[in-house]
Every structure is written in structure tokens, then in C-alpha cells.
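The values are calculated or read from the model by the stated rules, or taken from the named source; none is laboratory data. If you're wondering where the values come from, they're calculated on a predicted model, not measured in any experiment. With ideal geometry, Cβ positions are generated from the backbone for all residues, glycine too; neighbour counts draw on all protein chains shown. Calculation scope for accessible area: heavy atoms of the full protein, side chains included, ligands and nucleic acids excluded. Shrake-Rupley method; radii C 1.70, N 1.55, O 1.52, S 1.80 Å.
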Amino acid sequence: MDTGIPQGSPVAPVLFTTYLSGIFDRVETAVPGIQGLSFVDDISWWAEGAVAGKVVAKLSAAVAASMEWAAKNGVAFDHGKTEAALFQKGKRKKKVAEVAVAVGANSVPFNKAATRWLGVWLDSQLTLRDHHATRLKQGQKAMTRLRRLTGQMGLPPPNCWKVITVCMQSVAMFGSELWWKGDHVRGTMGQANELQLLVNQEARATTGCFRTTNLGALSMESGLRAVTTQLENRQRRFRLWLLSLPEGDQAREVVGAPTGIGWRLKNTLAYGGQTERTVLPEELETCNAELLQEEEAEAKVAAEGTRPGLTMFTDGSRLDGGVTGYSVVWKKGQTWARVKVHMGNNQEAYDAECAALARALELALQRNEIPKRVTIFSDAQAVIRQMASDEPGPGQQYALQARKHIATLRQFRPGFVIC
């Protein structure tokens with residue numbers, strides 16, 4: 001082979017995913033009711049149905065369409081690694097006739113045990129008990145291997161705490177965001193108690209205390225938080241991560257979905273206020289803005305000088321009490337005009353700076369005579385860079401507002417310049 005990329009190259013997953021992206025539209029169009037899930041080279045097809053036979057027929061048709069697309073595009077699937085899993089609603093497992101999914105000349109029956117996918121063990125009722133048991137066993141094995149660091153090797157307690165937190169708790173609690181139902185809720189407290197026993201062992205390994213040491217004192221001395229607290233925090237961070245995804249992302253729709261986990265994630269933060277939404281723009285547009293000065297001293301000299309058109313100054317801040325707001329100031333004849341906006345709580349100074357820049361462009365658009373040139377001074381370099389990008393992330397909504405105002409200004413005033 002004369003062409004290709006080096007083994008382990010970071011661009012390999014990107015190129016592979018891009019090349020393979022065409023299979024999903026092809027299969028979903030050819031087989032109604034089929035939807036695809038993928039992570040790089042792990043491709044899955046799933047279908048819903050009241051009868052197992054109909055589900056098998058859809059999956060078999062999806063496999064046939066996948067193999068047809070693969071033959072035309074030089075892709076080969078490993079049939080030996082192909083698995084099939086059947087998930088059922090209800091607490092009791094229903095008996096299903098022996099059926100199998102056709103994969104070429106072979107037949108793949110549904111797994112009777114839990115199926116591993118992307119590090120999560122999925123049982124037929126999706127209780128994740130097998131997943132918890134597997135991760136707990138892995139955490140206990142890691143505990144056994146790392147115990148020597150505190151005993152024979154004499155690792156200091158602060159370093160031991162770091163090793164245990166990273167190498168053991170992250171292993172044992174991986175995926176707990178999906179099965180944790182809350183403190184004192186029936187169904188998961190037994191799993192939480194098993195994790196607490198492991199954390200107690202970690203605390204003794206960190207401090208070197210005896211088995212008879214009071215657990216409260218042991219927890220305080222080791223610096224390891226109670227399991228229920230850690231599980232609650234992990235679920236909160238998981239919900240915040242989901243809400244940070246762009247609109248249209250299917251993972252974001254899990255929060256608030258009519259399911260048990262959707263309800264739990266919705267009520268995790270106990271906050272029903274406004275949250276910033278991000279999107280994936282269909283068409284990327286350039287901001288066409290000129291960075292005036294980047295150094296503080298030079299920018300100060302430029303601000304004190306006279307510039308053609310409209311010159312505006314923006315600033316946003318957040319007080320110690322959490323109150324956030326911004327102001328926009330510009331010269332109006334021999335005096336100064338300004339707009340002050342109170343943004344309330346649950347905002348950051350970064351949000352206020354972004355909102356101030358977008359509002360400055362809106363004020364320029366509302367003038368009786370639109371200027372040919374608008375110069376906006378801001379002391380937040382990160383905000384200026386965000387205004388020049390429409391990538392999903394904090395401040396994106398204000399960046400999109402700013403681009404909308406710039407497009408309108410250019411529409412009414414050809415040759416309009418912003419810097």
C-alpha cells in the first residue's frame with residue numbers, strides 16, 4: 001500500500017468516521033424503523049417492536065443493507081465480533097423463542113448474559129446491575145494492587161489519596177450516573193452500600209488506620225467523601241454536560257425524557273431557571289471583524305484618539321453576591337450616552353461581556369443614521385475571540401446575535417466596517 005496514515009495517528013478516527021458516515025443514511029432509508037448508533041468503528045443498529053420476530057427481521061435487513069454498502073465502498077466488517085442484544089420492558093424477563101439475526105451466512109443469537117458496549121454492561125432489563133457488579137470487582141482489584149503503595153512502598157497519604165481517587169473510584173463508579181436513583185431510594189442503596197465498603201477500605205489504605213477506627217473520623221482524616229455525595233455530584237455533572245451539548249444532539253434529549261433516568265436528570269440540579277443553549281450552524285459565516293489592538297497600552301492610546309464613525313465601550317462584571325450586569329457607553333455630541341442592563345444571578349462575568357458586545361451592535365443598528373464604521377472597545381480578549389467564532393460553547397448565542405446584527409448593518413449600509 002502506497003498511501004495511508006501512520007498507525008495511531010490522531011487524524012485516523014476523524015477520517016474513518018467521515019468515510020463511514022454515509023452508511024447510516026443508506027441503511028436507515030432502506031430499512032424503515034432502523035436507527036444507527038456508532039462510536040468510531042463500533043456500529044450498532046437498533047429497532048423497536050412488540051414482537052421479537054419483527055425486530056429480528058428489521059435487524060437482519062439492516063445487516064444486509066450494511067454489507068451491501070460495505071462491498072461497494074471497500075469496507076469489511078468483522079462478523080466474529082458481531083453481537084445481538086434484546087431489551088425488554090417490565091421487571092420480569094419474558095420468555096422469547098430462539099431467534100437469531102442473520103449476518104451473511106451466519107446467525108447471531110441474542111445474548112443471554114449482559115452485553116458490553118462502550119464500557120457499559122447492558123442487561124435485558126437495563127437495570128445495570130451486571131455493570132455495577134463488574135465495575136465494583138474491577139475497583140476491588142485495583143484496590144488490591146494499589147494497597148502495596150501505602151504499605152510496603154510508603155506512599156505519603158496526600159499522594160495516596162490522589163492515586164485512589166483517579167485509579168479506583170473512577171473505575172468503580174464508571175456509569176453510576178445511569179443507575180443511581182438518589183439517597184434512600186429503594187433499588188440502588190444496596191449498590192451504594194457496596195461502594196461505601198470499598199471507599200472505607202480506601203480510607204484505611206490512605207491513613208493506615210485500624211479496622212476498628214470510627215468511620216466518621218476515618219472519612220474526615222482520609223478526605224474521601226461519602227459515596228452518596230459522590231454519586232449525586234457525578235449525576236449533576238453528567239446533566240450539566242448533557243445540557244452543554246448543541247441543540248439537536250440526541251444525547252441532550254435524555255434530560256427530561258419520559259423515562260426514569262430522564263426524570264432523575266431533570267430534577268438533579270433542582271434548578272428550573274434559564275440555561276444557555278448552543279446549536280450547530282448549518283452554514284458557517286465569517287464575522288469579518290478587525291481586531292483593533294491587542295496590547296493594553298496600545299489599546300488605551302487608540303481609545304483616547306478620535307476615530308471615524310461610532311466608537312463604543314463595553315464592560316461586564318459580576319459582584320461577589322452573584323449579581324451580574326453590563327454597560328455600553330458611547331459619545332453623543334459633547335456628552336456620553338450609556339445603557340446599563342441587570343442580568344440577574346446564575347450568570348458569569350464572561351456572559352456579561354459577551355452580552356455587552358452583542359448589545360452594542362444592536363444599539364448601532366437602532367440609530368436613526370447607521371454609521372459606516374463602528375469601533376467597539378472591550379477588555380475581554382476571550383470574548384473578542386468568541387465573537388469571531390460560531391462554534392458551540394459558552395457565549396455562542398451572543399456571537400450568533402452579533403453576526404445577525406452585522407449582517408443587517410451591512411444590508412442597510414454597504415461597505416459597513418466593524419473593528
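Just subtract the alpha-carbon distance of residue 42 and residue 373 from 0.36 nm times their residue separation and send over the number in nm, one decimal.
This chain segment gains 113.9 nm when fully extended.
How high is the FRET efficiency between residue 186 and residue 112 when r is their beta carbon distance and R₀ equals 25 Å, given to the nearest 0.05?
0.35
Determine the gain in length on full extension of the stretch residue 145-residue 232; use 0.36 nm per residue of separation and subtract their C-alpha separation, reporting nm with one decimal.
In short, 28.5 nm is gained.
Per residue, how large is the accessible surface of the chain? Use a 1.4 angstrom probe and give square angstrom.
Value for the chain: 62 Å² per residue.
For the chain, max minus min Cα coordinate along each principal axis, in Å, sorted largest first?
Principal extents (Cα only, largest first): 84, 65, 50 Å.
With a Förster radius of 22 Å, plug the Cβ-Cβ distance of residue 332 and residue 365 into 1/(1 + (r/R0)^6) and report the FRET value to the nearest 0.05.
0.85
On the accessible surface of the chain, probed at 1.4 Å, how many percent belong to carbon and sulfur atoms?
Reported share for carbon and sulfur atoms: 54 percent.
Would you mind getting me the FRET efficiency between residue 323 and residue 244? Use the beta-carbon distance for r and R0 = 30 Å, nearest 0.05.
0.80
Cα gyration tensor of the stretch 15-107, axes a ≥ b ≥ c as square roots of the eigenvalues: rounded (a/c below 1.5), prolate (a/b > b/c) or oblate?
Since a/c reaches 1.5 and a/b is larger than b/c, the shape of the stretch 15-107 is classed as prolate.
By DSSP, what percent of the beta bridges with both residues in the chain are antiparallel, rounded to the nearest 5?
80
With θ taken as phi - 60° and the coefficients 6.51, -1.76 and 1.60, list the Karplus ³J(HN,Hα) couplings across the stretch 324-329 in order, rounded to whole Hz; mark glycine and proline as x.
Working through the residues one at a time gives 10, x, 8, 9, 10, 10 Hz.
Show me, for the stretch 48-64, the HN-Hα J-couplings you get by feeding each phi into the Karplus relation (A = 6.51, B = -1.76, C = 1.60, θ = phi - 60°), rounded to Hz, glycine and proline as x.
10, x, 7, 10, 4, x, 5, 5, 4, 5, 5, 5, 5, 5, 5, 5, 5
Which of 137/162; 112/266; 81/162 have a Cα-Cα distance over 28 Å?
Pairs exceeding 28 Å: 112/266; 81/162.
Roughly how much of residue 326 is accessible, in Å² to the nearest 10, using a 1.4 Å probe?
20
In nm, give the distance between the simple-model label positions of residue 88 and residue 127, each being 7 Å from the Cα along the Cα-to-Cβ direction.
With each label placed 7 Å out from Cα toward Cβ, I get 1.3 nm.
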